[in-house]
Every structure is written in C-alpha cells, then in structure tokens.
Amino acid sequence: MILINYLKKLIEYNSNPSSKRFIGLLAGLSLCVYMFVFPSDAANNSVLILALGALGINAAEKLINIKKK
C-alpha cells in the first residue's frame with residue numbers, strides 16, 4: 001500500500017495526474033529493463049538520450065514559465 005501511494009504521488013503534479021510524468025516513467029523503466037535484458041551500446045545510448053532529453057525539456061519549460069510571470 002505504501003508503494004502504491006508513493007507511485008501515485010510520483011506521477012502527480014499539484015494533486016492532478018501528469019501524463020508527461022507517467023509516460024516518462026514508463027519509457028524510462030522499459031528502456032532500463034531492455035538495457036539489462038539485451039545489453040548493447042544502442043540500449044545504453046537510448047537511456048542516456050532519454051534522461052538528457054527529459055532534463056533539458058523540463059529545464060526549458062521552467063525557464064519559459066518564469067519569463068511569462
């Protein structure tokens with residue numbers, strides 16, 4: 001029950017479900033599983049690109065929101 005509540009809070013933003021967080025979490029987990037089942041340079045690069053892309057998009061979105069205020 002504690003794990004379910006933790007996962008629920010992990011994908012929520014201001015008490016509303018966030019589809020970006022859900023898709024990001026699902027994609028990240030599936031890529032990590034793929035990386036361990038079929039280890040290759042392509043799998044490692046996919047996880048790296050996903051992580052860097054998610055961080056970059058999140059940072060850009062926050063900067064745009066700050067400038068709007």
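The values are calculated or read from the model by the stated rules, or taken from the named source; none is laboratory data. Given the structure is predicted, the values throughout are model-derived calculations rather than measurements. In this analysis, Cβ positions are derived from the backbone assuming ideal geometry, glycine residues included, and neighbour counts consider all displayed protein chains. All accessible areas refer to the heavy atoms of the entire protein, side chains included, with ligands and DNA or RNA removed. Shrake-Rupley method; radii C 1.70, N 1.55, O 1.52, S 1.80 Å.
Structure values in brief
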quantity	calculated
Chain lengthening between K20 and I2 when straightened (0.36 nm per residue, less Cα-Cα)	4.2 nm
Local electrostatic count at A54 - Lys and Arg +1, Asp and Glu -1, tallied over other residues with Cβ under 15 Å	+2
Farthest toward positive dipole pole in the chain [+1 Lys/Arg, -1 Asp/Glu at C-beta], among L48, M35, I23	I23
Listed peptides 58-65, 20-27 by packing density, highest first (mean Cβ within 10 Å)	20-27, 58-65
Number of Lys pairs (Cα under 26 Å; 8 or more positions apart or on different chains) in the chain	8
Accessible area, probe 1.4 Å, largest first, for residues M35, M1	M1, M35
Correct option for Cα extents along the principal axes in Å [calculated from the coordinates] among (1) 45, 35, 14; (2) 40, 22, 20; (3) 39, 31, 19	(1)
Relative contact order computed over the chain (Cα-Cα under 8 Å; 6+ residues apart), in percent	18
